[in-house]
Every structure is written in C-alpha cells, then in structure tokens.
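The values are calculated or read from the model by the stated rules, or taken from the named source; none is laboratory data. Please read these numbers as outputs of a predicted model, since none were measured by experiment. Here Cβ is always computed from backbone atoms with ideal geometry, including for glycine, and neighbour counts include all displayed protein chains.
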Amino acid sequence: MKISKMLLVLVLLISGLTNELTASEPNPVDPQITDLISRLLEKPAFTFAEGDIQARVQIVINDKQEIVVLNIETNDLRAEQYIKNRLNYQKIGKDIAPGKSYVLPVRFTVR
C-alpha cells in the first residue's frame with residue numbers, strides 16, 4: 001500500500017513538473033537581436049580542442065534595453081564565461097518590451 005501511494009505521488013510530481021516545463025515556451029527572438037548577438041560573439045578569445053561547441057542561452061531584456069544572461073546550458077566552461085562576458089548588459093539599440101525571456105541556440109565552429 002505504501003509503495004502504491006509513493007508511486008502515485010511520484011507520477012503526480014513528474015506530470016506536474018512536465019506541464020510546468022512545457023507551459024513556458026520561449027518567446028520568438030527578433031532577427032535583429034540574433035544578428036547583434038552573433039556579432040558580439042564573433043572571434044572568441046579561446047581555441048577549441050576539437051569539434052563544435054554548442055550552448056543554449058536564455059536572456060532577458062531589462063528596462064534599460066540591455067541584454068541580461070539568465071542561463072547558459074553548455075559543457076564547455078570557457079564558452080559559458082565568454083558568452084556571459086560578451087553579452088551581459090550590452091545595449092541592444094532597439095526598443096524591445098522588457099521582461100520577456102528568450103532562448104537562443106549558440107554554436108562555435110572550428111574553421
């Protein structure tokens with residue numbers, strides 16, 4: 001009996017968490033913002049060991065029209081620090097409604 005109650009609680013917890021994660025879809029990103037971000041991230045100051053480095057970057061625009069990095073999902077610590085240093089508090093130069101969260105895929109490729 002205790003096991004079935006624990007399983008029921010676990011199933012409810014997982015389904016609630018899944019609904020919460022899927023309910024918060026990211027906002028579509030303005031193409032001018034993606035162009036600005038790609039220019040800001042050009043020519044990183046570090047070299048790659050091998051292969052591409054991928055990241056998923058979550059940003060928000062504050063009241064001063066600046067980019068604020070909320071989260072970076074990547075396996076490379078250098079790339080994470082580079083993205084934070086290059087993007088945080090950079091003016092976007094365009095009037096965007098503040099407070100919306102955006103998720104951007106970022107890829108550094110070896111050339």
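Some observations on this one:
- Only listed residue being assigned to a helix (DSSP H, G or I) and surrounded by 14 or more Cβ atoms within 10 Å (Cβ to Cβ), chosen from ILE59, ILE67, ILE72, ILE37: ILE37
- Meets criteria (touching a strand residue (DSSP E or B) at 6+ places or on another chain (Cβ under 6 Å) and at pLDDT 90 or above) for ASN27: no
- Cross-chain or 6+ apart pairs with Cβ under 6 Å, the stretch 34-47 first and closer than 18 Å to GLN81 by Cβ, then at pLDDT 85 or above and of a type in the set (Phe, Trp, Tyr): PRO44/TYR82
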